[in-house]
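Notes follow once the structure below has been shown.
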There are 2 protein chains.
Amino acid sequence: MSLTPSPAHDAVAAAPEFCAFDAGAAPVSRAARRFVLDLRLDLRHAGSRSVVVRGEWIGPADAPVVLVAGGISANRHVSGAGGSEPGWWDAQVGPGRAIDTDRLRVLAIDWLGSDGSLDAPIDSADQADALAAVLDRLGVARVAAFVGASYGAMVGLQFAARHGHRLGRLVAISGAHRAHPYSSAWRALQRQCVALGRSEGGVSQGLALARQWAMLSYRTPEEFAERFDAPAVLDGEQARCAAEDYLESCGRRYAARWTSTAFLRLSESIDLHRVDPAAVRVPTTVVAIDEDRLVPLSDLQTLVESLGAPARLRQLRSRYGHDAFLKEEAAIADVLTEALAACAGGAA
Amino acid sequence: MSLTPSPAHDAVAAAPEFCAFDAGAAPVSRAARRFVLDLRLDLRHAGSRSVVVRGEWIGPADAPVVLVAGGISANRHVSGAGGSEPGWWDAQVGPGRAIDTDRLRVLAIDWLGSDGSLDAPIDSADQADALAAVLDRLGVARVAAFVGASYGAMVGLQFAARHGHRLGRLVAISGAHRAHPYSSAWRALQRQCVALGRSEGGVSQGLALARQWAMLSYRTPEEFAERFDAPAVLDGEQARCAAEDYLESCGRRYAARWTSTAFLRLSESIDLHRVDPAAVRVPTTVVAIDEDRLVPLSDLQTLVESLGAPARLRQLRSRYGHDAFLKEEAAIADVLTEALAACAGGAA
């Protein structure tokens, strides 16, 4: 469907012709509103395309808007507040949380490409443009903050660089202005796992294996040393390592939920990402994890030193490495509370 | 063939019935002698087996013997001195080198399992026992030193623990008393790449992919940041990262030379490895690389603190990480020269 722009913040909830509720999805909180928009976007590498963007927002209709975005496997359902289906970031987003849905209106989308229907190169700039187009449709002229973690931080940097006049503040957690070359190589090999599976008839196995490699990049040797401190054992005639059950279960669950096309396009989107930090002229908090093997501290230091606006680096330690934004609930809440203090009228 | 034991150090070269030169191999240095032995070994996980062990030695017949062993893809041809085929450790082993073949007699074998004919679980203890059996056949009662790097260091620790009465000194570079759980997971996923290729008809592709993942574990983000500092580019409709040509070439070359069985059995052999450091009662030099992602410094510190004999930790920095023993020629030469000073009659 094609939808008419509207200046009203809560037009989505009020006007049926303006949104389409996602009837096929699990029950959503009373306070949350889902929408589906048909948009035409000029993709950076794939020309003009009609795309479907699925989004959700939660929080008072008149509250300042905050965009929230996570990793490539995150989605629009950041908070399950009041509903039966948990959100992927319930620890930080909800009533009374650091991103307080009693005082802020949180908006999130499913990534372009995440439903597997867009089999073309997707860039972080395309995601930022999609968010800007969504804001246009929803009649939101300006957002108070963009809180992005991992790929979401990359998209946040793109949004700040391309649509900075609409943004009050950026919080970029564990995502930099570029993909680190070593991490790019790591992802390239994950895509080869999928390609091997695809070419040989084992699509799901290839995808599950790629996800296992991804998990290894998200976590740290320190965590594995604690959780899986046991020698390999023989399972029949083959050695089996202590972490294999865990990793295989992660891989299987992922492959059951995702298509290989979505994985490949979002994975390569990280590697196509590049932003000139000087083009970001929005006050920014950058959060770095010392142990992150995917986004090294040195890249985030370079980012902070090169940003075109006041910037602050918050450096944390975590045995969860790149996944700290999901696991270190208290430390991340502190960072967010401080960074967003001014967003809801200074009433933090 | 079954060969008769002999007490003479150079019996291999002198007596045709004692050795079989490897006619199929490339030309070898005049000074080097290759041999092939049939041995019966009690394998730790696979019972009593007849195995063929291929070895090579180089250096004066009356010189102190030094065992040299490298990673799972190394072989018996450590030095190409005087011959046309380069050895894998020419930087350290040869006339006038840190492991000086004018003054020491260097002995090395192809790993059990490296020819792909032994499809059973192989342990580092089996490799140590094979070396001891080779020494018996060659009539070598005692060796002055064991210099092992990577998997070779693990086997060196096993040799010291199981056959310490025959050993004067151990140098263990980038190999510990255990496989680190995170590194074990990394190798388990490499084996899954091979398994995926095998199950789906793409054996060579799976093996090449596993090798690419291994390369990533051998090297460091610092090196990749220097060598491959360029954003991904689109190759047709797919992103291609700067390191992909290099990694794919490594993978292809490996898959052309190795069988998947050899890779799987030697890879899991690392994960089955475990030695009680207190059982090592031989003076030991442990060499650790700060940037090694596969064998973390912390494990080598634990090793040194727990060894049952005088031990010294030499800590180096290298952007080559786990591969420093192959790449940091001067620093490794210094360590070896010092550690082996007493071996050739103190004439270092």
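Annotations for the structure displayed:
- Across the copies of the chain, B:SER48 has label points (7 Å from Cα along Cα→Cβ) spaced 8.1 nm apart, shortest distance listed first.
- Treating each Cα of the protein assembly as shown as one equal point scatterer and applying the Debye formula with no solvent, the log10 of I(q)/I(0) at q = 0.07, 0.08, 0.09 Å⁻¹ comes out as -0.54, -0.67, -0.80.
- From phi via Karplus (6.51, -1.76, 1.60), per-residue ³J(HN,Hα) for region A:317-326 in Hz, x at Gly/Pro: 10, 7, 6, 8, x, 4, 7, 4, 5, 8
- Inter-label distance, nm, simple model (7 Å from Cα along the C-beta direction), B:ARG252/A:SER117: 3.9
- Remark: the Cα gyration tensor places region A:292-348 in the oblate category, a/c being 1.5 or greater and a/b not exceeding b/c.
- Relative to the globular-protein estimate of 2.2 N^0.38 Å, the Cα radius of gyration of region A:38-135 stands at 1.13.
- Among beta bridges that DSSP assigns inside the protein assembly as shown, antiparallel share in %, nearest 5: 45
- For region A:181-270, the relative contact order works out to 34 percent when only alpha carbon pairs closer than 8 Å and six or more residues apart are counted.
- Kirkwood hydrodynamic radius (C-alpha pairs) into Stokes-Einstein, region B:69-181, 37 °C and 0.692 mPa s, D in µm²/s: 226
- Largest first, the residues B:ARG198, B:ARG178, A:ARG169 sort by 1.4 Å accessible area into B:ARG198, A:ARG169, B:ARG178.
- Within region B:181-270: Cβ-based charge dipole about Cα centre, in debye rounded to nearest 20 (Lys, Arg +1; Asp, Glu -1): 580
- Ascending list, in nanometres, of distances separating the B:LYS327 label from those of the other copies (7 Å, Cα toward Cβ): 2.8
- Dimensionless Rg/Rh of region A:181-270 - Kirkwood Rh, Rg from C-alpha atoms: 1.01
- On association of chains B and A, roughly 4600 Å² of accessible area becomes buried (total for both chains; probe 1.4 Å).
- Simple point charges give the picture: +1 on the Cβ of Lys and Arg, -1 on the Cβ of Asp and Glu, and for chain B a dipole about the Cα centre of about 740 debye.
- Expressed as a whole percent, the accessible surface of the protein assembly as shown that belongs to carbon and sulfur atoms is 48, based on a 1.4 Å probe.
- A:HIS177 accessible area, 1.4 Å probe, all protein chains in place, Å² to nearest 10: 30
- DSSP bridge orientation in chain B - percent antiparallel, rounded to nearest 5: 45
- Along principal axes, Cα extents of chain B, largest first, whole Å: 66, 41, 39
- Farthest towards the positive end of the charge dipole of chain B, among the residues B:VAL78, B:ALA324, B:VAL155, is the Cα of B:VAL155, using unit charges on the Cβ of Lys, Arg, Asp and Glu.
- Here the relative contact order of chain A, from alpha carbon pairs under 8 Å that lie six or more residues apart, stands at 17 percent.
- Per-q log10 I(q)/I(0), region A:93-152, q = 0.16 Å⁻¹ (Debye; single scatterer per alpha-carbon; no solvent): -0.63
- Simple label model, 7 Å out from Cα along Cβ direction - B:SER298 to A:ARG281, nm: 4.5
- The protein assembly as shown - charge dipole about Cα centre, Lys and Arg +1 at Cβ, Asp and Glu -1, debye rounded to 20: 20
- Separation of the B:ARG40 and A:ASP136 label points, Cα + 7 Å toward Cβ, nm: 8.3
- Using the Karplus relation 6.51 cos²θ - 1.76 cosθ + 1.60 with θ = phi - 60°, the per-residue 3J(HN,Hα) values for region B:77-86 come to 8, 6, 10, x, 3, x, x, 9, 9, x Hz, with x marking Gly and Pro.
- Rounded to whole Hz, the Karplus (6.51, -1.76, 1.60) HN-Hα couplings of region A:232-237, x for glycine and proline: 4, 10, 8, 10, x, 9
- Farthest positive-ward along region B:281-348 dipole, Cα basis, beta-carbon charges - from B:ALA309, B:ALA341, B:ALA288: B:ALA309
- Summed over qualifying helices (DSSP H, 4 residues or more, each -39500 (n - 2.57)) and divided by its residue number, chain A shows a 222 nm mean residue ellipticity of -11000 deg cm²/dmol.
The values are calculated or read from the model by the stated rules, or taken from the named source; none is laboratory data. These figures come from a predicted structure and were not determined experimentally. As a convention, Cβ positions derive from the backbone with ideal geometry for all residues, glycine included, and neighbour counts pool all protein chains shown. In case anyone asks, the SASA skips ligands and DNA or RNA and just uses the protein heavy atoms, side chains included. Shrake-Rupley method; radii C 1.70, N 1.55, O 1.52, S 1.80 Å.
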